[in-house]
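The values are calculated or read from the model by the stated rules, or taken from the named source; none is laboratory data. Everything numeric in this text was worked out from a predicted model, so none of it was measured. For neighbour counting, all protein chains shown are included, and Cβ atoms are generated from backbone atoms with ideal geometry for every residue, glycine included. We work out accessible area using only protein heavy atoms, side chains counted, and drop any ligands, DNA or RNA first. Shrake-Rupley method; radii C 1.70, N 1.55, O 1.52, S 1.80 Å.
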Amino acid sequence: MSWQTYVDTNLVGSGRISKAAIIGQQGGVWAASAGYNLSTEEQNAIINGYNDVTKVQASGIRVAGQKFFTLQANPRSIYGKKGADGIVIVKTKQAILVAEYVAPTQAPEATPIVEGLADYLINVGY
C-alpha cells in the first residue's frame, strides 16, 4: 500500500479526519491531503518537538500555517486545539502522522483513528 493510500483511506477516509500528512522522521512529506502543505520549518518543528516535549507543551505547534495550543505532549503523541478544531500527531518508528479534525468531530473520535494507524505501522516496522 502506498503512503498516500494511508492518508486518503485510513485517515481522511474515516470521515473523522479532515486533513492529514505523513512525514518522515528524517524530514520530507511522504504523503498528504490535497492542498495540505507543511513547510520545512513546520516539519522540523514537529520532528524536533519530540526531542523536547516541554517546549511544544509551552509554545504550541504550527502546522500548515495554523497554530495549535498543545493540550498534551509525550514521547509518542502531541495533541492540540485551535478553537473547536484539533490536531493529533503521532510518532512511529520511522514516520510521524499529522491529522487535523474539525468540529463537530471531537478528540475522542479522531484520536483512536490516528493512534490505531500508528500502532499498525509500528507493528509492520514503520
For this session: At least 3 residues that are over 15 Å from I23 (Cα atoms) and open to solvent by 50 Å² or more (accessible area, probe 1.4 Å) in each: list the strands (runs of 3 or more DSSP E) lying fully within region 51-126 that qualify.
Result: 66-73
Exercise. Can we say N37 is among the polar types (S, T, N, Q) and in a helix (DSSP H, G or I)?
Worked result: no
Exercise. Which one is surrounded by the most Cβ atoms within 10 Å (Cβ to Cβ), of the residues in region 12-34 that are touching a residue at least 60 places away in the same chain (Cβ under 8 Å) and among the polar types (S, T, N, Q)?
Worked result: S14
For this session: Scan region 84-92 and give yes if some residue there is touching a Leu at 6+ places or on another chain (Cβ under 7 Å) and among the polar types (S, T, N, Q), otherwise no.
Result: yes
